[in-house]
1. For Val61, state whether it is over 25 Å from Asp165 (Cβ atoms) and open to solvent by less than 50 Å² (accessible area, probe 1.4 Å).
2. With (1) touching a strand residue (DSSP E or B) at 6+ places or on another chain (Cβ under 7 Å); (2) surrounded by fewer than 18 Cβ atoms within 10 Å (Cβ to Cβ); (3) polar (S, T, N, Q) as the list, and Ser137 as the residue in question, which single condition is left unmet?
3. Assuming Asp98 fulfils every condition listed in (1) surrounded by 12 or more Cβ atoms within 10 Å (Cβ to Cβ); (2) within 25 Å of Phe20 (Cβ to Cβ) apart from one, which condition is it?
4. Output the number of residues of segment 65-123 satisfying the condition of being closer than 25 Å to Thr136 by Cβ and among the small types (Gly, Ala, Ser).
5. Spot the failing condition for Val55; the list is (1) closer than 16 Å to Ile76 by Cα; (2) open to solvent by less than 40 Å² (accessible area, probe 1.4 Å), and only one is missed.
6. On the basis of being surrounded by 15 or more Cβ atoms within 10 Å (Cβ to Cβ) and either within 21 Å of Asp107 (Cβ to Cβ) or among the hydroxyl-bearing types (Ser, Thr, Tyr) (or both), does Ser49 make the cut?
7. With Leu185, Leu145 as the choices, which residue is part of a strand (DSSP E or B) and under 20 Å from the mean Cα position of the chain (by Cα)?
8. Do we have Ala152 as among the small types (Gly, Ala, Ser), in contact with a Leu (Cβ under 6 Å, 6 or more places away or on another chain) and farther than 25 Å from Tyr41 by Cβ here?
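The values are calculated or read from the model by the stated rules, or taken from the named source; none is laboratory data. Since the structure is predicted, the reported quantities are computational estimates derived from the model, not experimental observations. For neighbour counting, all protein chains shown are included, and Cβ atoms are generated from backbone atoms with ideal geometry for every residue, glycine included. Just so you know, the surface numbers come from the protein's heavy atoms only, side chains and all, with ligands and any DNA or RNA stripped out. Shrake-Rupley method; radii C 1.70, N 1.55, O 1.52, S 1.80 Å.
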Amino acid sequence: GRLMKAVDEDKLADNTIVLFLSDNGGNMYDGVDGTTPTNNYPLRSGKSSCHDGGVRIPFIVRWPGVTKAKTVSNAIICTTDLYATLLEMTGQPLRPQDHKDSVSFVDALKGKPYRRPPMISDAPATSLHVGNIPNTSVRHGKWKLYRYWFDAPGKKHLYELYDLDKDIGETKDIAATNPEVLSRLIAFLDDYVATPGIK
């Protein structure tokens, strides 16, 4: 509120883009007065996790003359997309050689149809504190795939799949009943990992 008031008082509001967002989901692990500092319910897990409780965050955009006040977008985006988006918002040419993991979501900000290509979240470290074992997720539309690296018998990868439209809390693994989706997202992840210079 103080920041927006200062922008208005300095007569900068008409040509200032404001982005307000968190860097990750809430902390569900440290105790404060016998409880956790935040509650991400109904999302699963929290900060330091690839589950939606760790990666789904609040995000507010004010772009004068473009975004409409008090509107909500259901577009799925990633914070890496800020690079390409800000370039386009400010009239700069895109630099695909520099933002290989970034996709402009300007259309979503303009209220136009927008569907992001699959996106990756990665939590490669084991953390007993947060209950995380090394995993990578792929989100595409309503589908979310997890690969738990070398966590199945025989040092194979373990996979979980969720339909976030029906199961926002990621409580029911449906990998066994959706083999086509599972194969498609595994193939995308394999290709992503094998692509030089993208990570």
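1. no
2. (2)
3. (1)
4. Selection size over segment 65-123: 7.
5. The number of the failed condition is (2).
6. Answer is yes for this residue.
7. After ruling out the rest, the residue left standing is Leu145.
8. It is true that Ala152 is among the small types (Gly, Ala, Ser), in contact with a Leu (Cβ under 6 Å, 6 or more places away or on another chain) and farther than 25 Å from Tyr41 by Cβ.
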